[in-house]
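Take a look at the structure set out below.
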Amino acid sequence: MSHSADAPLAVAEHPHDPLVAEQFEDLDQQHQAGTLGMWTFLATEVLFFGGMICGYVIYRHLYFEAWHQGSVVVDSFAFLGISAGGWNTAVLLTSSLTVALAVRAAQLGQHRVLVWMLILTMILGVGFLAIKASEYTHEYHEGVVPGWGFFNPDEHIRHDLEHAADQSGINPDLLHRQFQLFWCFYFFMTGTHALHMIIGLGLFTYLLVQALRHRFTPVKHAPVEIIGLYWHFVDLVWIFLFPLLYLIR
Amino acid sequence: MASIAYLPEYDRPHTYLNDRYSIWSWLLTRDHKRIAILYMITITLNFAIGGMAAVLIRLQLLTPHSDLIEADTYNKLFTTHGVMMVFFFLVPSIPTTLGNFLVPLMIGARDLAFPKLNLMSWYLFVIGSAMVIGDVVAGGFDTGWTFYTPYSSTFSNYHVVLGILGVFVAGFSSILTGLNFIVTVHKMRCPGMTWMKLPLFIWSMYATSLILVLATPVLAITLALVALERIFGVGIFDPRLGGDPILFQHMFWFYSHPAVYIMILPGMGVVSELVTSQCRKHPFGYGFIAFSSLAIAIIGFGVWAHHMFVAGISMYGGIVFSLMSFMVAIPSAIKVFNWTATLYKGSVAMTTPMLYALGFIGLFVIGGLTGLWLAALGLDMHVHDTYFVIAHFHYIMVGGAVTAYLGGVHFWWPKMTGKLYPDGWGKIAAFILFLGFNLTFFPQFILGYLGMPRRYYAYPPEFQVYNVLSTAGASILAFGYLLPLCYLLWSLKYGADADDNPHDAAGLEWQTSSPPPTHNFHTIPHAPEPYDYANMEFLHDDIRPYPGVKHT
């Protein structure tokens, strides 16, 4: 923003700290505003995911049998006896730890620790996305990706569905359709979450670049805290998605 | 107040308007005042497009079985009218123009909390508008602004996705504006400005921002699901896949009802400012007016299913939502009573902004009362999806929100541009608007009660007389909108110069020059007592900015 002729007066009144943006009086106000801004944004994200989760929960109540079958299939993809979802949860929770450690390092001015924690967080984030990608591939091969002309579940899944239809007395065709609806929700919810993770990785790339340039000090490290908040939120969404999608019995 | 002659360049006062002149200094500005002007231009264009759709609709409805427009095209026209007017004019209108301009000034700040986010918000809005306008040019979509499934998600053969995405993008513009206002009001008030010293406009903007931030994401996810359903053939709302079309209605109205409060709350804030300043009186019941804004925002989240009384919700659900809808009228009524009490024994000046404010109060009361009519379950069975509903919401949105917007633009025009518009023409335009508006929409109450459904391109001949009256009114209304456009633009070049406070109004925005410098204030002020008219010195009673205006 250019300075008007009035600026010399204003500047003389109030010499401006170069670290502080022009609209703020001091660093503290800037930090508080940024933090409140991020919390407000996270509130909007709660409503965003909340809409989908609300729909999912309503359908779980209405179509319990189909949801149960869906959850069984989702949870069936496992490495070393732990489901992919379980691994994802472990990875994300650890990444929240590394984020918290990064914030602490920034507050204490520990430059090397900060950089390593940021790198570790990003590796864990990429790890999460890799596990998710392998899950999606697996689900594609099982034929449960929804869509006209797409949805074609494998033999063993069909068999389980028919069995469930017999047991519960639901019309098999209806159960099949409800089952597809489950998969719509699964891909929408995890897909949106993954998109937010990718955005988060982009933000962390920015943080890493800034950290490598020694831009963060114990006095000025607000971006690390604020973006850390965002990452914690994305983790929190997963904490909701995991039981809802994987653990329904 | 002498007119400021053109001084040599180095002596002219520096304002946000002459800071720099290049197009890039506008398109890359971070000044909230310039962004407000950019928004004003954009929403005026959007209003014109929505208005043209309305003109065609009213022309079609002049005769019962008109051949002017085909059925499908008619559907596209009312969709375009609704989408452009709701999402691309009314929702942004006061918040992004008057809000962006005034919020920092009124609280004594130099800018909003996040100026770059503010600029990005405008760009998102422009992109969203362009997407919808592009959609209309490419053939349009015909789902109605409400996008009901399964028509929008499965059966419509027109360009629905592009329109949905345009609204989706504009939604993020809203969210960022709301976020900016919330953080600004919390963290950037000048020294001494406690919450109970905030101008009432700020209270309204704050309540509006709460709704913007919490409701809009639900619209975003709902529309995203419809778009995904159309593109990939998956189905959350498709019964063939076990989905539920009524779920769409619940999710859609969960946003769209609070959205109507987004549209009216800022208008109420403007009216509070107009009434107090033109009556030179401290607002009666400041605390009640302030908290009623919050009450409207909160209760407004709990009434959405009153749009669905005939959609198949349970009778008990209907009863609950009917009761909530009655309750949400209470804080609105509190405001009307307080404005009336402020008017009583005030020193009233019948200026253009005052006429708009009075028009608002009367028309909003009619709109609000007919809303209660609709909230009553039995009555709603009869008039749901008829012209009664259309008349009701146009009384609030046009008679209320647009009137308040125009009143606010007139009131703050000297502050924003440094120019005075001719008040005589202003009053003429206000009268024409009031006349045209009532002639357009009052017959529609009758039409609806007699049974004419909405969104129909033809009707039984016995309804013709009311339709003709309505179309005649629309032509007068159109003239009422064109007039201000003309004289306001005229005043930019030929209007008299305004000094700091031509209205002798209270408020920090009037303590700086007209137009303000880029940094708003030479020195950050200390918060004054709000609306301190009892102790104010009125400088303009002899030197009338508006000839012939006397304060009683």
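The values are calculated or read from the model by the stated rules, or taken from the named source; none is laboratory data. Predicted model only: the values in this text are computed from it and were never measured. FYI the Cβ positions are ideal-geometry reconstructions off the backbone, even for glycines, and counts take in every protein chain you see. Side chains are part of the model used for accessible areas, which takes the heavy atoms of the whole protein and leaves out ligands, DNA and RNA. Shrake-Rupley method; radii C 1.70, N 1.55, O 1.52, S 1.80 Å.
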- Message: Please list, ordered by chain and number, the residues whose modelled amide H lies under 5 Å from the amide H of residue B:386; skip anything fewer than 5 residues away on the same chain.
- Response: B:454
- Task: Calculate one ³J(HN,Hα) per residue across the range B:52-59 by plugging θ = phi - 60° into the Karplus curve 6.51 cos²θ - 1.76 cosθ + 1.60, and present them in order as whole Hz with x for glycine and proline.
- Result: 5, 4, 5, 4, 5, 4, 5, 5
- Query: residue A:152 to residue B:20: FRET efficiency via 1/(1 + (r/R0)^6), r the Cβ-Cβ distance, R0 60 Å, to the nearest 0.05?
  - Reply: 0.45
- Distance in nm between residue A:137 and residue A:68 label points, each 7 Å along Cα→Cβ, equals 3.3 nm
- Burial ranking of peptide ranges B:298-305, A:235-242, B:98-105, A:216-223 (average Cβ count within 10 Å, highest at the top): B:98-105, B:298-305, A:235-242, A:216-223
- Specify which residue in the list A:226, A:187, A:212 is farthest towards the positive end of the charge dipole of the range A:172-249, using unit charges on the beta carbon of Lys, Arg (+1) and Asp, Glu (-1), about the Cα centre. A:212
- Projecting the Cα atoms of A:198, A:141, A:171 onto the charge dipole of the range A:130-249, where Lys and Arg contribute +1 and Asp and Glu -1 at Cβ, the residue farthest towards the positive end is A:198
- Message: Could you work out what % of the accessible surface of chain B is carbon and sulfur, using a 1.4 angstrom probe and leaving DNA, RNA and ligands out of the count?
- Response: 72 percent
- Going highest first, how would you order B:174-180, B:42-48 by mean Cβ packing within 10 Å? B:174-180, B:42-48
- the range B:509-544: which residues show an accessible-area loss of 30 Å² or more, assembly versus chain alone, 1.4 Å probe? B:518, B:519, B:522, B:523
- With each pseudo-label sitting 7 Å past Cα toward Cβ, what's the residue B:116-residue B:475 distance in nm, one decimal? 5.4 nm
- Task: Show the residues, 5+ positions off or on another chain, whose built amide H is closer than 5 Å to the amide H of residue B:419.
- Result: B:498
- Query: Mind listing the phi-derived Karplus ³J(HN,Hα) values for the range B:230-245, rounded to whole Hz, using 6.51, -1.76 and 1.60 with θ = phi - 60°, and x for any glycine or proline?
  - Reply: 5, 6, 9, x, 8, x, 8, 10, 9, x, 5, 10, x, x, 9, x
- Put simply, what bits of the range B:236-253 lose 50 Å² or more of accessible area when the other protein chains are there, versus the chain on its own (1.4 Å probe)? B:236, B:240, B:241, B:242, B:247
- Calculate the dipole size of the protein assembly as shown relative to its Cα centre from +1 charges on Lys and Arg beta carbons and -1 charges on Asp and Glu beta carbons; express the result in debye to the nearest 20. 920 debye
- Message: Could you give the length gained by full extension between residue A:42 and residue A:26, i.e. 0.36 nm per residue of separation minus their alpha carbon distance, to one decimal place?
- Response: 3.3 nm
- Task: Could you go through the range B:328-344 in sequence order and give the Karplus-derived ³J(HN,Hα) for each residue, using 6.51 cos²θ - 1.76 cosθ + 1.60 with θ = phi - 60°, rounded to whole Hz, and x for Gly and Pro?
- Result: 5, 6, 5, x, 5, 5, 4, 4, 4, 5, 5, 4, 4, 5, 5, 5, 4
- Item | When the range A:150-243 is reduced to its Cα atoms, the Kirkwood hydrodynamic radius in Å | 16.8 Å
- Query: Excluding ligands, DNA and RNA, what is the solvent-accessible area per residue of the range B:82-153 at a probe of 1.4 Å, expressed in Å²?
  - Reply: 22 Å²
- If R0 = 30 Å, then residue A:116 and residue A:35, at their Cβ-Cβ distance, give a FRET efficiency to the nearest 0.05 of 0.75
- Sum -39500 (n - 2.57) across every DSSP H segment of at least 4 residues in chain B, then divide by the residue count to get the 222 nm mean residue ellipticity, nearest 500. -21000 deg cm²/dmol
- Task: Give the accessible area for residue A:73 in Å² (nearest 10); use a 1.4 Å probe, count only protein heavy atoms, and leave out ligands, DNA and RNA.
- Result: 20 Å²
- Task: Of the options B:464, B:362, B:429, report the single residue whose Cα projects farthest towards the positive end of the charge dipole of the protein assembly as shown (beta-carbon charges: Lys, Arg +1; Asp, Glu -1).
- Result: B:429
- Query: Given charges of +1 on the Cβ of Lys and Arg and -1 on the Cβ of Asp and Glu, with all other atoms neutral, how large is the dipole of the range B:378-493 about its Cα centre, in debye to the nearest 20?
  - Reply: 500 debye
- Extension gain residue B:534-residue B:138, at 0.36 nm per residue separation less the Cα-Cα distance, in nm? 136.7 nm
- Item | Accessible area buried between chains A and B, both sides summed, probe 1.4 Å, in Å² to nearest 100 | 3800 Å²
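For residue A:129 and residue B:291, what is the calculated FRET efficiency with R₀ set at 56 Å and r taken between the beta-carbons, to the nearest 0.05?
Efficiency at R0 = 56 Å is approximately 0.75.
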- Query: So how far apart, in nm, are the two label points at residue B:186 and residue B:28 if each is 7 Å from Cα heading toward Cβ?
  - Reply: 3.2 nm
- Note on the structure: extent check for the protein assembly as shown: Cα max minus min per principal axis, descending, whole Å, gives 90, 79, 45
- Query: For chain B, with only Lys/Arg (+1) and Asp/Glu (-1) charged at the beta-carbon, what is the dipole magnitude about the Cα centre, in debye rounded to 20?
  - Reply: 440 debye
- Got a sec? What order do A:129, B:488 fall in by accessible area at 1.4 Å, biggest, i.e. largest, first? A:129, B:488
- Query: Hey, can you list the residues from the range A:145-194 whose accessible area shrinks by 20 Å² or more with all protein chains present, relative to the chain by itself (probe 1.4 Å, no ligands or nucleic acids)?
  - Reply: A:147, A:148, A:177, A:180, A:181, A:184, A:185, A:188
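With a 1.4 Å probe and every protein chain left in place, work out the accessible area per residue of the range B:429-552 in Å², rounded to a whole number.
49 Å²
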